[in-house]
Structure formats: C-alpha cells, structure tokens
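The values are calculated or read from the model by the stated rules, or taken from the named source; none is laboratory data. Just so it is clear, the structure is predicted and the values come from calculations on it, not from any experiment. Here Cβ is always computed from backbone atoms with ideal geometry, including for glycine, and neighbour counts include all displayed protein chains.
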C-alpha cells in the first residue's frame, strides 16, 4: 500500500505568509495539492478548518506532515490528543523530517518536551501582548482594532454569500481579505432574508 503524505501549515495572523512552510512541506515530499492550511488562526483556536480537512484526508497508512509541532498545536493536551488520535487510526505523524514514534520512550519524551515548549511560547506571547496593550492603553494609543471591512461591505458580503453563488474563496478574493476574515464576518452578520422568504406585509 502506497503511503500518502498529507501536509498541514498554519500562521497566526493575516499578515504572515505560508510560503516558507509550503516550501518546507514540498521539500519533504508533500504534493502541493495535498497541503491544507489555516491562515490567520492561532494554534489555540478550536475551529481550524484547514486542520480538520487535513485530518479528514489522511487514511490508515498515510502520514500527516507538519513543518514544526507548534504549527499543529500550541498546548500539550492538544498536541497529545491529535497525536494519539492519529496513532489510533494507524496514521504516522511527521514533525519535519522526523517521524513521531509513540512506542519509543525517548521519542515520546522528546515530543512532550516540544509540546511543552510550544505551550510555553504561546503563553509568553499572550503575556507580552497583554503587557503591550496595557502600556499602549495607558498612553492613549490603543483605540481598538479597526475592522477590515466597513459595515456596508460586511452586509454585502453576507448578501452575496446567501445567494449561494459565491464560495468562501471567491468572497475572500473579491473583498481582498483572508478566508478566516470571511468566516468571522459571516458569523457576525445575520442572514439577510430574501424576498421570497420574507413575511407578507
């Protein structure tokens, strides 16, 4: 049975680029059309559509490849949960060029150390962010994050989505935003009732 490599890449903000991670995955033998991504989502986000697609794509005997463990998860429980679920399905997990082997005590210990460092780094980033925001707020420089789309654009995005004629990728391209931004906008905007579904006067 041929082993299929499925890749996963993630970056935390819309301003970051996935090019380097994609190149690393392709360098490890993953076909470009088998790379799933999450753009603008942190590892602590429970809803990671790209990861869900990657986990659904791998089958018994396949290998899920990530450039680094912190791209897959940013907490120890999350990393262990994903790794254990993959092992239970007969799927290998590759961290870069290294295959995670749960039966190897040293390998398991190394995996736990990597997960612990990833969680520590994530906590440290959050702490520094909070401290930076507190300093900016005290200096009157923090006015809140401005929305990427105006209220009118958000309503129009919702209207276009509800027609069923536009995919998420189409809307992201049309409004020049990331796919996660489209999902967040749809979550904030109520469904616009059509004339046929509206109640008669």
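This table checks each residue for (1) under 15 Å from the mean Cα position of the chain (by Cα); (2) assigned to a strand (DSSP E or B).
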{"site": "53", "(1), (2)": "yes, no"}
{"site": "56", "(1), (2)": "yes, no"}
{"site": "60", "(1), (2)": "no, no"}
{"site": "65", "(1), (2)": "yes, yes"}
{"site": "70", "(1), (2)": "yes, no"}
{"site": "85", "(1), (2)": "no, no"}
{"site": "93", "(1), (2)": "no, yes"}
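Across segment 70-98, what is the total count of residues that are in contact with a strand residue (DSSP E or B) (Cβ under 7 Å, 6 or more places away or on another chain) and over 15 Å from residue 38 (Cβ atoms)?
So in segment 70-98, the residues in contact with a strand residue (DSSP E or B) (Cβ under 7 Å, 6 or more places away or on another chain) come out as 71-72, 83, 86, 91-95.
Next cut, over 15 Å from residue 38 (Cβ atoms) only: 83, 86, 91-95.
The number of residues fulfilling the criteria is 7.
If you check 130, 108, 126, which single one turns out to be at pLDDT below 85, surrounded by fewer than 16 Cβ atoms within 10 Å (Cβ to Cβ) and assigned by TED's automatic domain parsing to the domain that holds residue 87?
Details: 130 fails: assigned by TED's automatic domain parsing to the domain that holds residue 87; 126 fails: assigned by TED's automatic domain parsing to the domain that holds residue 87.
That would be 108, the only listed residue that is at pLDDT below 85, surrounded by fewer than 16 Cβ atoms within 10 Å (Cβ to Cβ) and assigned by TED's automatic domain parsing to the domain that holds residue 87.
Which of (1) surrounded by 11 or more Cβ atoms within 10 Å (Cβ to Cβ); (2) modelled with pLDDT of 85 or more; (3) under 22 Å from residue 49 (Cβ atoms) is the odd one out, the single condition residue 96 does not satisfy?
(3)
More than 26 Å from residue 11 (Cα to Cα) and at pLDDT below 80, is that true of residue 194?
Details: more than 26 Å from residue 11 (Cα to Cα): yes; at pLDDT below 80: yes.
Criteria met by residue 194.
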